[in-house]
Amino acid sequence: MTRHHSISADEAADRLAIRELVDAYAFCADTRDAEGQKALFTEDTHFVVYMAGEGSDATDDLRGRESLTPVFDGLNAYEVTMHLNGQSTVALDGDRATGETYCLAHHVYSDDRGRKLMIAALRYQDGFIKTDRTWRFAERRLYVRWTETRTLEAAGIA
């Protein structure tokens, strides 16, 4: 069982701000706000994607905020998405922190056989930095744990 300890108001505020950063990333993805999403990262950020999951080679290894544009614009291929963040952990170390978040990402699209729903189980490992009293992603590693694609009719959605 996890032991809980008292935290200061500043630590609580930092933890909340980091969770809001993680959630803002998902919100910007779902509203197709690529500029807002990029603003959540440091200028010299490092973003790595592992489409085949942990232990695989990186499929994208991007450096710098502007290099994120094609990744975030890629969401425009979907009619709608919904990223649901689940459990997360944060370890604070002054103006730096590390964290891990699990997410179920839902992607709706159409092809020649109808509308489809692709669900991806994602795990993010993050490095955060606080500058000018604002937390940002300094590093984000996205691991795809599994995906499933089904027709919307099969999912009970018309």
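The values are calculated or read from the model by the stated rules, or taken from the named source; none is laboratory data. Small disclaimer: the values here were computed from a predicted structure and weren't measured. Note that each Cβ is placed from the backbone with ideal geometry, even for glycine, and that neighbours are counted across all protein chains shown. Ligands, DNA and RNA are stripped out before the accessible areas are found, and what is left, the full protein with its side chains, is counted by its heavy atoms. Shrake-Rupley method; radii C 1.70, N 1.55, O 1.52, S 1.80 Å.
Structural remarks
- The listed residue being more than 15 Å from the chain's Cα centre (by Cα) and either over 30 Å from Ser8 (Cα atoms) or of a type in the set (Asp, Glu) (or both), out of Thr59, Thr81: Thr59
- Residue that is farthest from the chain's Cα centre (by Cα), among those in segment 94-131 that are open to solvent by less than 20 Å² (accessible area, probe 1.4 Å) and under 24 Å from Asp44 (Cβ atoms): Ala97
- Filtered residue count, segment 143-158, keeping only those that are open to solvent by less than 20 Å² (accessible area, probe 1.4 Å) and closer than 30 Å to Arg96 by Cβ: 1
- Test: Ile119 is part of a strand (DSSP E or B) and in contact (Cβ under 8 Å) with a residue 60 or more places away in the chain: no
- The criterion of at least 2 residues that are touching a residue at least 40 places away in the same chain (Cβ under 8 Å) and open to solvent by 50 Å² or more (accessible area, probe 1.4 Å) is met by the following strands (runs of 3 or more DSSP E) wholly inside segment 1-93: 80-93.
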